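Below: the structure, in C-alpha cells.
The values are calculated or read from the model by the stated rules, or taken from the named source; none is laboratory data. The structure presented is a predicted model; accordingly, all values stated were derived computationally and were not measured. Cβ placement follows ideal geometry from the backbone for every residue including glycine, while neighbour counts extend to all protein chains displayed.
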Amino acid sequence: MTNNRSTEIDQSLTVLRQVAKTTDTFLAKLSNSSETLTKKNSSTLYGTGAGLLGFLGGLGLAHLFGASLLLISTPLTALGIVGGVLLYRGRTGIRIERLIGRARMESDECLRRIKALPKNAPKDIVESEWNAYLDVSQRYRHLALELQEGSSSTRLLPVSIPQHGINEPETKRLLAKEISDQNKD
C-alpha cells in the first residue's frame with residue numbers, strides 16, 4: 001500500500017512539474033507577445049482588437065446558425081479591423097487626414113509651378129510662388145491645430161504638419177535645394 005501511494009505521489013509531482021513548465025512557457029510567450037505589442041501604434045492595436053472581436057462574433061454566429069465559419073467570420077473580422085482603426089482616429093483624426101491630403105495636393109501644385117519656372121524668371125514671380133507655397137503650408141497647419149484643439153484627443157498631429165511653425169528662409173532654401181537636385185536627375 002505504501003508503495004502504491006509513493007507511485008501516486010511521484011505521478012502527481014510529475015504532473016505538477018509539467019504544469020509548472022507549461023505555465024512558465026506560456027508566460028514567457030505572453031511576455032514576448034506583450035513586448036512586441038508595445039512597439040505597435042495604437043491604431044494598429046485598436047484594429048487588431050476589433051478584428052479579434054469580429055472574429056469571435058463570427059465564430060458565435062456560425063455556431064448559432066450552423067453556417068460556414070469562413071463565410072461569416074472573415075467579413076466580420078475585416079469589418080472589425082476597419083471599425084477599430086476608424087474608432088481610434090475619430091472624426092477629428094479623419095478631418096485632419098483629409099486636410100493633410102488637400103494640403104499635399106496644393107503644396108505639390110505650388111512646387112510644380114516653382115519647378116516649371118524658367119531659370120531666368122523674375123525674382124518677384126519666384127518669390128510670389130514661394131510665398132504661395134508657404135501660405136498653403138501655414139493655412140493647413142493652423143486648421144489642423146484648430147481641429148485638434150477643439151477635440152478631446154491628446155494625439156499628436158501627423159509628422160507631415162510642422163509642429164513649431166515654419167522657418168520661411170530655411171524652408172525656401174531646403175525646397176530650392178530639393179528642386180535643384182531633382183532637376184539635375
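The residue that is farthest from ARG141 (Cα to Cα), counting only those in the range 110-124 that are free of Cβ contacts under 8 Å to residues at least 40 places away in the same chain, surrounded by 12 or more Cβ atoms within 10 Å (Cβ to Cβ) and of a type outside the set (A, V, I, L, M), is ARG113. Restricting the first residue to the range 125-141 and requiring it to be farther than 22 Å from GLY101 by Cβ, which pairs with a second residue that is assigned to a helix (DSSP H, G or I) and small (Gly, Ala, Ser) meet a Cβ separation below 9 Å and a spacing of at least six or different chains? Pairs found: TRP130/ALA176.
Being out of contact with any helix residue (DSSP H, G or I) (no Cβ under 6 Å at 6 or more places or on another chain), surrounded by 12 or more Cβ atoms within 10 Å (Cβ to Cβ) and more than 30 Å from GLU146 (Cα to Cα) is a property that does not hold for LEU64. Residues that are aromatic (Phe, Trp, Tyr) and either under 20 Å from TYR88 (Cα atoms) or not in a helix (DSSP H, G or I) (or both) within the range 17-76 comprise TYR46, PHE55, listed in sequence order.
May I ask you to list pairs of residues, at least six apart or on different chains, whose Cβ atoms are under 6 Å apart, with the first in the range 94-109 being surrounded by fewer than 17 Cβ atoms within 10 Å (Cβ to Cβ) and the second being at pLDDT 85 or above and assigned to a helix (DSSP H, G or I)? Partner pairs satisfying both residue conditions: none exist.
For the range 140-165: of the residues being charged (D, E, K, R) and surrounded by 14 or more Cβ atoms within 10 Å (Cβ to Cβ), which is modelled with the lowest pLDDT?
So the residue we want is ARG155.
For ALA50, the conditions (1) small (Gly, Ala, Ser); (2) exposed (fewer than 11 other Cβ atoms within 10 Å of the Cβ); (3) touching a residue at least 24 places away in the same chain (Cβ under 8 Å) are fulfilled apart from (2). Here are THR14, THR92: which of them is farther than 30 Å from LEU143 by Cβ, of a type in the set (Val, Ile, Thr) and in a helix (DSSP H, G or I)? Criteria check complete, one pass: THR14.
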